[in-house]
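Please treat every number below as a calculation from the coordinates, not as lab data. Bear in mind the structure is a predicted one, so any value in this text is a computation, not a measurement. Don't worry about glycine lacking a Cβ; one is built from the backbone with ideal geometry, like all the others, and counts go over all protein chains shown.
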Amino acid sequence: MIWLIAAFFVTALLYASVGFGGGSTYNALLALSGLDFRILPLIALSCNIVVVAGSTIRFARAGITPWKGALTLTAIAAPAAFFGGLTPIGESTFLTLLGLSLVLTAATMLLPIGKAEGEPHRWSRYMPVVAAPLGYLAGLVGIGGGIFLAPILHLCRWDGARAIAATTSLFILINSLFGLAGQIIKGGEGRFLAAVDIGLPLIVAVAIGGQLGSLLALKFIPQRWIRWGTALLTAWVGSRLLFAM
């Protein structure tokens, strides 16, 4: 359990440093530890909520969140996340989707993020269409979906980098809340209590790691180094999960 707590701490620190929650990696670490796959999303989504809640509040207080666009995307994705959490899924399908999500996550972390220059791309108007499937995947597998949303928003020049980070943070937070609600209803009281029993020390670890990541890491380490390190960690965990099946 000690290695798992340490791994969750490092994951939260890295992901929070680049504005994400880390749900996919939490899930994979839990899967590699041999836990019942049915309780993994409960723990991972709870950790997601803890990590991104602080950054969401900070963005809002700073007046960075573009509320109209962010709430539109989130309002479309949240019900889909709830239904994703309710959807029954087999272990092999769950682990395959999780492993593929991790590999894709690593790829998105390596995409360059430039400044938003010029008018938004015409594809930006179709972003609400993308929100629903990302929300469903978030609830089904126990991730926030923001790791996929952010690079799409950047490629479409949807808004400035800070506004996209604020939108992604809100997106992850609300999707994780709705996905967790669906997972709790699907699993029942027994599975929820099992997740609480295992997850409490992990939630404490990500709370500390997430705060350190968002407040300290970016002051001392270039963000591109953190992104590359996070991508390598994610790719390694995802590859291990896929090859272990």
In the chain, if the dipole is taken from +1 on Lys/Arg beta carbons and -1 on Asp/Glu beta carbons about the Cα centre, which of Gly209, His154, Phe178 is farthest to the positive end? His154
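Using only helices, what value at 222 nm comes out for the chain when you add -39,500 (n - 2.57) per DSSP H run of length 4 or more and divide by the total residues, to the nearest 500 deg cm²/dmol? List each step's numbers first, then the result.
On the way: 9 runs with 186 residues, N = 245.
Only helices count here, giving -26500 deg cm²/dmol.
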List, in order, the whole-Hz ³J(HN,Hα) value for each residue of the stretch 36-44 obtained from phi through the Karplus relation with A = 6.51, B = -1.76, C = 1.60 and θ = phi - 60°; use x for Gly and Pro. 4, 4, 6, 9, 4, x, 4, 6, 5
Measure off 7 Å from each Cα along the Cα-to-Cβ vector at Ala60 and Ala75, then give the distance between these two points in nanometres to one decimal. 1.6 nm
Would you mind pulling out the separation of the Cα centroids of the stretch 51-99 and the stretch 122-193, in Å? 3 Å
Going by C-beta contacts inside 10 Å, put Lys68, Lys186 in order with the fewest on the left. Lys68, Lys186
On a 0 to 90° scale, report how tilted helix 67-86 is relative to the longest principal axis of the chain, with both axes built from alpha carbons and the result rounded to the nearest 10. 20 degrees
Measuring from the longest principal axis of the C-alpha atoms of the chain, the long axis of helix 2-17 (C-alpha) lies at a number of degrees, nearest 10, equal to 10 degrees
Angle in degrees between helix 127-141 and the longest Cα principal axis of the chain, rounded to the nearest 10: 20 degrees
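Full-extension gain between Glu91 and Ala161, please, as 0.36 nm times their residue separation minus the C-alpha to C-alpha distance. The partial results should precede the final answer.
Working: separation 70, 0.36 × 70 = 25.20 nm, distance 3.70 nm.
So the extension gain works out to 21.5 nm.
Where Lys and Arg each count +1 and Asp and Glu each count -1, what net charge lies around Ala165 among other residues with Cβ under 11 Å from its Cβ? Walk me through the numbers before you get to the answer.
Details: positive: Arg58, Arg162; negative: Asp159.
Counting the neighbours of Ala165, the net charge comes to +1.
Return Thr167, Thr25, Thr74 ranked ascending by Cβ neighbour count within 10 Å, so the fewest neighbours appear first.
Numbers: Thr167 28, Thr25 32, Thr74 21.
Listing Thr167, Thr25, Thr74 from fewest to most nearby Cβ atoms yields Thr74, Thr167, Thr25.
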Cα gyration tensor of the chain diagonalised, 5x eigenvalues square-rooted, in angstrom largest first, produces semi-axes 26, 20, 17
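Please report, in debye to the nearest 20, how large the charge dipole of the stretch 2-244 is about its Cα centre when each Lys and Arg carries +1 at its beta carbon and each Asp and Glu carries -1 there. Display every interim value, and only then the final one.
Details: 15 positive and 7 negative charges, 123 e Å.
With Lys and Arg at +1 and Asp and Glu at -1, about 580 debye.
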